[in-house]
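Undergrad: Encoded as structure tokens, here's the structure I'll be asking about.
The values are calculated or read from the model by the stated rules, or taken from the named source; none is laboratory data. Everything numeric in this text was worked out from a predicted model, so none of it was measured. As a convention, Cβ positions derive from the backbone with ideal geometry for all residues, glycine included, and neighbour counts pool all protein chains shown.
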Amino acid sequence: MKSAEAVSSPPVKPLLDDPRLTASINTGYRHLYSVGCLSEEVWTCGNNKIMKVHNLQSKLLTSIQTKSGNWLQDIAVTLEGDLVYTDYYDKTINLVKNKQIQTVITLQGWKPLFVCSTASDDLLVTMDSDDYEKCKVVRYCGSTETQTIQFDDQGRPLYSSGDHIINTKYISENRNLDICVADREACAVVVVNQSGKLRFRYTGHPSNSKESFEPVGIATDSQSHILTTDINNDCIHILDQDGQFLRYIHCDLLRPFGLCLDNGDNLFVAELNTAKVKKIQYL
């Protein structure tokens, strides 16, 4: 397993007392699921087979159809700015480079769910077994499987299993190389270290919560914060790298789903029902 190159500590950025909305992008989907961004161009996927790229003014720059014609499951932007997407029904993980699609991984007995690109340019993928009874995280270097994370030290499953339509498992790698999964069915953020050993589960914070904690999207920033959308409570939870709750982001969010951060720690939130991407400054 490759390790990320050593990097200098980033400048300390304190959390803003009042996060602010800086842009709102209309994507045109009926339902919006995932967002990916490195700079000014925003990739999205929703309830169809089309991936889109918009600028911050909502102008559509590019749209690309999946290779199989199936609906997308998830997208992620690589370090080089290319796009990776998962095709649940085709059991494939695909790379979009210069608008050309290449299938890089085809699974047997498992279906890919959600994907992220790591600091060492690996891919981390959550996946369901064909019978929906098992779930695991797999690391790939190129098309080679280099790590599987499925059980804790007592042999118990780390992640819940079930129908992928409800049981989302977005994934992100933190700066300290922890692997963070928002396990919606389990109502928990599950964090393991680089070796796959369980560090903690975060099951929500009682303050100001109308409904039970239901995490969906997940992302991490330069300060090693973990951010997760809470679709039941129309907010985002910010945690430190050890799972301690720090604060909420509200910003009039409505059914926040997927999220990502660009290279400048700007937060992009995909709203499920409005199909808008909201850009938020919180650092």
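Undergrad: Mind listing whichever residues of segment 20-29 are part of a strand (DSSP E or B) and not hydrophobic (A, V, I, L, M, F, W, C)? Give the derivation first.
TA: We begin by selecting, within segment 20-29, every residue part of a strand (DSSP E or B); these are 20-26.
Scanning segment 20-29 gives R20, T22, S24, N26.
Undergrad: Looking only at segment 178-205, count how many residues are over 15 Å from the mean Cα position of the chain (by Cα) and either farther than 30 Å from S9 by Cβ or assigned to a loop (DSSP other than H, G, I, E, B) (or both). Walk me through it before giving the result.
TA: If we filter segment 178-205 for residues that are over 15 Å from the mean Cα position of the chain (by Cα), which is where we start, we get 185-187, 192-205.
Retained after the next criterion (residues that are either farther than 30 Å from S9 by Cβ or assigned to a loop (DSSP other than H, G, I, E, B) (or both)): 185-187, 193-197, 203-205.
Residues in segment 178-205 being over 15 Å from the mean Cα position of the chain (by Cα) and either farther than 30 Å from S9 by Cβ or assigned to a loop (DSSP other than H, G, I, E, B) (or both): 11 in total.
Undergrad: Restricting segment 224-283 to residues that are among the small types (G, A, S) and surrounded by 22 or more Cβ atoms within 10 Å (Cβ to Cβ), which is farthest from the chain's Cα centre (by Cα)?
TA: Pass one, segment 224-283, residues among the small types (G, A, S): 224, 243, 258, 264, 270, 275.
Filter once more, keeping what is surrounded by 22 or more Cβ atoms within 10 Å (Cβ to Cβ): 258, 270.
Numbers: G258: 6, A270: 11 Å.
Result: A270.
Undergrad: Mind telling me which of the residues L113, L79 ends up being loosely packed, with under 15 Cβ neighbours inside 10 Å, under 18 Å from the mean Cα position of the chain (by Cα) and touching a residue at least 24 places away in the same chain (Cβ under 8 Å)?
TA: Values: L113 fails: loosely packed, with under 15 Cβ neighbours inside 10 Å.
That would be L79, the only listed residue that is loosely packed, with under 15 Cβ neighbours inside 10 Å, under 18 Å from the mean Cα position of the chain (by Cα) and touching a residue at least 24 places away in the same chain (Cβ under 8 Å).
Undergrad: I'd like the full set of residues that are farther than 14 Å from A219 by Cβ and of a type in the set (A, V, I, L, M), limited to segment 247-265. Break it down into steps so the answer makes sense when it comes.
TA: Initially, segment 247-265 is screened for residues farther than 14 Å from A219 by Cβ, giving 247-248, 250-255.
Those that are farther than 14 Å from A219 by Cβ and of a type in the set (A, V, I, L, M): L253, L254.
Undergrad: Check segment 154-161 and report whether any residue there is at pLDDT below 95, within 23 Å of N263 (Cβ to Cβ), part of a loop (DSSP other than H, G, I, E, B) and small (G, A, S).
TA: Here is the first cut: in segment 154-161, the residues at pLDDT below 95 are 161.
Then drop every residue that is not within 23 Å of N263 (Cβ to Cβ), which leaves none.
No; the residues of segment 154-161 include none that is at pLDDT below 95, within 23 Å of N263 (Cβ to Cβ), part of a loop (DSSP other than H, G, I, E, B) and small (G, A, S).
Undergrad: Just to be sure I understand, how many residues within segment 135-147 are touching a residue at least 24 places away in the same chain (Cβ under 8 Å) and surrounded by fewer than 16 Cβ atoms within 10 Å (Cβ to Cβ)?
TA: Matching residues across segment 135-147 total 4.
Undergrad: A follow-up question, please. Going by what's in this entry, would L227 be described as out of contact with any helix residue (DSSP H, G or I) (no Cβ under 6 Å at 6 or more places or on another chain), farther than 26 Å from P14 by Cα and of a type in the set (A, V, I, L, M, F, W, C)? Can you show your working first?
TA: Numbers: out of contact with any helix residue (DSSP H, G or I) (no Cβ under 6 Å at 6 or more places or on another chain): yes; farther than 26 Å from P14 by Cα: no; of a type in the set (A, V, I, L, M, F, W, C): yes.
When the stated conditions are applied, L227 does not pass them.
Undergrad: Given the conditions (1) on the phi < 0 side of the Ramachandran plot; (2) modelled with pLDDT of 95 or more; (3) surrounded by fewer than 22 Cβ atoms within 10 Å (Cβ to Cβ); (4) out of contact with any Lys or Arg (no Cβ under 6 Å at 6 or more places or on another chain), report the number of the one that D131 does not fulfil.
TA: (2)
Undergrad: Separate question: Considering every residue within segment 116-128, establish whether at least one is surrounded by 17 or more Cβ atoms within 10 Å (Cβ to Cβ) and farther than 24 Å from V192 by Cα. Don't jump to the end; show me each part of the working.
TA: Initially, segment 116-128 is screened for residues surrounded by 17 or more Cβ atoms within 10 Å (Cβ to Cβ), giving 116-118, 122-128.
Retained after the next criterion (residues that are farther than 24 Å from V192 by Cα): none.
There is no residue in segment 116-128 that is surrounded by 17 or more Cβ atoms within 10 Å (Cβ to Cβ) and farther than 24 Å from V192 by Cα.
Undergrad: Can you find even one residue in segment 69-76 that is at pLDDT below 95, under 26 Å from S120 (Cα atoms) and among the aliphatic types (A, V, I, L, M)?
TA: Scanning segment 69-76 turns up at least one residue that is at pLDDT below 95, under 26 Å from S120 (Cα atoms) and among the aliphatic types (A, V, I, L, M).
Undergrad: Right, next: I need a count of the residues in segment 212-250 that are part of a strand (DSSP E or B) and either within 20 Å of S160 (Cβ to Cβ) or among the hydroxyl-bearing types (S, T, Y) (or both). Please lay out each step first, then the result.
TA: Going through segment 212-250, the residues part of a strand (DSSP E or B) turn out to be 215-220, 226-230, 235-239, 245-249.
Right, trim to either within 20 Å of S160 (Cβ to Cβ) or among the hydroxyl-bearing types (S, T, Y) (or both) and you get 215-218, 220, 226, 228-230, 237, 239, 248.
The qualifying residues number 12.
Undergrad: Would you list the strands (runs of 3 or more DSSP E) that sit entirely within segment 30-95 and hold 3 or more residues that are of a type in the set (A, V, I, L, M) and out of contact with any Gly (no Cβ under 6 Å at 6 or more places or on another chain)?
TA: Working: elements: 32-37, 42-46, 50-54, 60-65, 74-77, 83-87.
Those strands (runs of 3 or more DSSP E) span 50-54, 60-65.
Undergrad: Return the total of residues in segment 209-223 being over 28 Å from K197 (Cβ atoms) and crowded, with 21+ Cβ neighbours inside 10 Å. Walk me through how you get there before you give the answer.
TA: Kept after step one, since they are over 28 Å from K197 (Cβ atoms), are these residues of segment 209-223: 209-211.
With crowded, with 21+ Cβ neighbours inside 10 Å added as a condition, the list becomes none.
So the count comes out to 0.
Undergrad: Consider S172 carefully, then state whether it is under 15 Å from the mean Cα position of the chain (by Cα) and either touching a residue at least 24 places away in the same chain (Cβ under 8 Å) or part of a loop (DSSP other than H, G, I, E, B) (or both).
TA: yes
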